[in-house]
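Working notes, beginning with the structure itself.
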Amino acid sequence: MAAYDFKAHRLFMEADLRPGEPLALDRAAANYLLNVLRLGAGDSVLVFNGRDGEWRATLEPDGRKSAGLRPAEQVRAQTRAPDLLYLFAPLKHARLDYLVQKAVEMGAGTIAPVLTRRTVASRVNGDRMRANAVEAAEQCGILSVPAVLAEQRLEAALDALEPERVLVFCDEDAAVADPVAALAAIGPGRPLALLVGPEGGFAPEERERLLARPETVRISLGPRILRADTASVAALALIGPTAGDWL
Ligand code: SAH
């Protein structure tokens, strides 16, 4: 990561990346590279698709409105997303955009909206969440865009959790205690899940179910009630260096 070229523009593409095989850019991407960034023929862009690593590609404009990219050389090999399933009660619009972008930047591997008793949003726009995940991945230099799952009920999400996956449960009702010690006790390399609840908090029966699950680590994020988007960033910042992929 140290030798990483932060100045080059990074673009996520769905297509396979192979040396010399041209990639067609859609109108919006072509317009952005040609008319916003003002790149021209032969300029370099970094491309990744989540499967084939990162490639340096050269721009081949075709007029002012369309362009292609030709991958020249692979500059980084493909890496895997962190094994961190991020479960959260979806928020409305702008705050949901923020929540998804920040979760990707902070190391979530899979984005999983869950509907709880007190969740306000009942439908979530998966395409919009995916677009936010791609944008964050382009921006923060990672090579695998976290998968965005369809929304599911909390109970179903808990039923689907593998028994060995450690669930970090952020609970504003937990006694304020050192979350770093609790997370460090998990140890490195374990499959992880993080759960952050809705603005209205968890219902008593949800909390009961969560606390009955083995391999659940309930943490407090301090003596103040945080908004869900803040709680997510705070929790991910604590998980990274204690039990996550910073280790
Ligand atoms: N029940 C609260 C607000 C919930 S805040 C109320 O209505 O007063 C939204 C979510 O953020 C919570 O479900 C929890 O997962 C997380 N959260 C907020 N503050 C927290 C804290 N101090 N410790 C742990 N988790 C917290």
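All of the numbers you see were taken from the coordinates with simple rules; none came from a lab. Here the structure is a predicted model, which means the values were calculated and not measured. Methodologically, a virtual Cβ is constructed for each residue, glycine included, from the backbone with ideal geometry; neighbour enumeration extends over all protein chains shown.
Counting only alpha carbon atoms, the long axis of helix 126-140 and the longest principal axis of the chain meet at about 70°. Taking every Cα-Cα distance in the range 1-85 and sorting them into 5 Å bins from zero, the calculated P(r) comes out as 3, 15, 27, 23, 17, 9, 5, 2, 0 percent. Extending 7 Å from the Cα toward the beta-carbon at both residue 172 and residue 125 defines two label points whose distance is 2.6 nm. Against the chain, whose longest principal axis comes from its Cα atoms, helix 228-242 is set at around 90 degrees. By other beta-carbon atoms within 10 Å, ranking 76, 213, 218 with the fewest at the front produces 213, 76, 218. Across the range 96-113, coupling constants 3J(HN,Hα) worked out from phi with the 6.51/-1.76/1.60 Karplus curve, θ = phi - 60°, read 6, 4, 4, 4, 5, 4, 5, 4, 5, 4, 8, x, 5, x, 9, 9, 10, x Hz, and Gly and Pro carry x.
Each residue in 44, 232 was given a count of other beta-carbon atoms within 10 angstrom of its own, and listing them fewest first yields 44, 232. Please work out the C-alpha center-to-center distance from the range 168-220 to the range 67-102 and express it in whole Å. Taking the Cα centre of each part, the range 168-220 and the range 67-102 sit 24 Å apart. With viscosity set to 1.002 mPa s and temperature to 20 °C, compute the Stokes-Einstein D of the chain, Rh being the Kirkwood radius across alpha carbon pairs; µm²/s, no decimals. The diffusion coefficient I find is 110 µm²/s. For a straight C-alpha distance cut-off of 27 angstrom, the lysines reachable from residue 65 (same-chain residues fewer than eight places away being disregarded) are 7. Among the GluC sites (Glu not before Pro) within the range 146-190, those in coil by DSSP and having at most 12 neighbouring Cβ atoms inside 10 Å are 164. For GluC sites (Glu not before Pro), the sites in the range 1-94 that DSSP calls loop and that have at most 12 other Cβ atoms within 10 Å are 14.
Restricting attention to the chain, close to 40% of DSSP beta bridges with both partner residues there are antiparallel. A simple spin-label model places pseudo-atoms 7 Å from Cα toward Cβ; at residue 7 and residue 76 they are separated by 1.8 nm.
About the centre of its Cα atoms, the chain shows a dipole size close to 520 debye [charges on the beta carbon of Lys, Arg (+1) and Asp, Glu (-1) only; nearest 20 debye]. Taking the number of Cβ atoms within 10 Å of each Cβ as an exposure proxy, the fewest-first ranking of 170, 140 is 140, 170.
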